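Please treat every number below as a calculation from the coordinates, not as lab data. The structure presented is a predicted model; accordingly, all values stated were derived computationally and were not measured.
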Ligand SMILES: [Zn+2]
């Protein structure tokens with residue numbers, strides 16, 4: 001069933017629809033809750049994968065590759081950005097509902113691991129293996145703690161596009177904004193602080209050397 005509703009993002013207002021297997025928020029509060037939740041989860045994935053990259057002896061570029069591998073499955077959530085833009089220009093689309101979680105699969109994981117192997121300058125096999133592991137940690141995080149505000153579990157189609165035999169859900173899955181995710185996020189942040197203090201680097205190294213240095217300086221001064 002498709003239901004029209006409004007989305008407010010800052011000062012912008014878009015009209016659009018969501019149509020996905022039981023996922024049909026009916027008001028702005030629901031959608032704002034979704035967006036808040038989504039803004040937490042990718043952050044945890046990034047911290048988790050960057051911290052994992054520090055468990056092996058690899059260079060800065062290889063840590064960046066592993067970090068990207070850990071967030072790569074969420075590329076399929078691009079519809080959350082595309083749909084409002086398309087509809088703002090008078091079109092119709094539901095890429096969020098159609099695509100979200102389609103790349104949370106073993107097939108895409110193997111593609112990411114292979115790309116990690118090719119892109120790494122050194123320790124190629126190690127980088128590919130850790131990329132494979134952080135990709136699966138991402139799936140595990142989603143499986144245990146990404147239930148939507150409406151109760152939808154976003155099943156993980158592990159063997160897609162070849163089979164729908166192992167579409168994964170967990171009956172005890174908690175909500176994206178549940179306390180468990182807050183605790184996990186807190187533990188990840190503390191761990192990032194400890195690594196920054198000891199090894200003088202942070203997840204910011206993936207995007208900017210200056211931001212990385214500023215963050216490390218701040219940690220060194222504060223603790
Ligand atoms: Zn995900």
Using every Cα-Cα pair within the stretch 164-204, state what percent have a distance larger than 12 Å. 70 percent
Area projected by the alpha carbon convex hull of the stretch 154-223, averaged over all directions, nm²: 7.4 nm²
How large are Rg and Dmax for the stretch 100-223 when calculated on the C-alpha trace, in angstrom? 17.7, 53
Compute for the stretch 62-136: radius of gyration divided by Kirkwood radius, i.e. Rg/Rh, restricted to C-alpha atoms, rounded to two decimals. 1.14
